[in-house]
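One structure is given below, encoded as structure tokens.
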Amino acid sequence: MLRTIAGAVAGVIVWAAVVTLLDFCLRHGWADYAAVEKAMTFTIPMMAARLTESGVSSIVSGWAAAAIGKRRLSALIAGVVLLAVFIPIHYALLSKFPLWYHLTFLISLPVLSMLGGRLAKVSP
């Protein structure tokens with residue numbers, strides 16, 4: 001059980017590291033994105049890029065969680081923890097983004113984490 005929890009914690013840390021790295025690349029590779037990031041006045045392609053960052057991070061996070069925890073359950077736990085962390089943040093940002101963006105982001109956290117966990121060669 002301790003290993004499962006350690007895997008989930010590692011998964012959350014991996015998600016934060018990967019999304020930070022990808023956002024750094026996005027900010028430095030897309031000047032228009034960097035110009036509107038603080039104000040959060042993103043265009044639809046920019047929102048899609050942000051969702052892609054999160055999706056990739058969730059898959060990698062789920063894989064890492066399952067690989068470290070030796071069970072896919074670690075990936076699910078990591079995704080649920082991320083969901084719990086981001087629900088209040090996205091509630092506070094409701095007026096900044098369209099509803100489809102919030103729902104896509106929030107739903108993708110546990111779903112893509114579980115998908116990433118399935119990529120690891122571990123027991124369910």
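Every read-out reported here was derived from the displayed coordinates using simple, explicitly stated rules and does not represent laboratory data. Worth saying up front: this structure is predicted, and the values here are computed from it rather than measured. Glycine gets a Cβ as well: all are built from the backbone with ideal geometry, and neighbour counts include every protein chain shown.
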statement: Among trypsin sites (Lys or Arg not before Pro) in the range 92-124, those in a DSSP loop whose Cβ has at most 10 other Cβ atoms within 10 Å are Lys121
task: Can you tell me the 0 to 90 degree angle between the C-alpha axis of helix 44-69 and the longest principal axis of the chain, rounded to 10?
output: 10
message: Please compute the contact order of the range 2-124 in relative form: average sequence separation of alpha-carbon pairs under 8 Å and at least six residues apart, divided by the residue count, as a percent.
response: 37
- prompt: Given the Cα-Cα distance of Lys96 and Ala34 and 0.36 nm per residue of separation, how much length would full extension add, in nm?
  reply: 20.7 nm
message: At a 10 Å Cβ-Cβ cut-off, how would you order Ser54, Ser113, Ser74, fewest neighbours first?
response: Ser54, Ser74, Ser113
message: If you filter the range 1-84 for trypsin sites (Lys or Arg not before Pro), then keep DSSP loop positions with at most 12 other Cβ within 10 Å, what is left?
response: Lys38
query: Given the C-alpha centroids of the range 7-21 and the range 73-124, what is the distance between them in whole angstrom?
result: 12
- request: Compute the long axis of helix 2-29 from its Cα atoms, compare it with the longest principal axis of the Cα atoms of the chain, and write down the angle in degrees, 0 to 90, nearest 10.
  value: 30
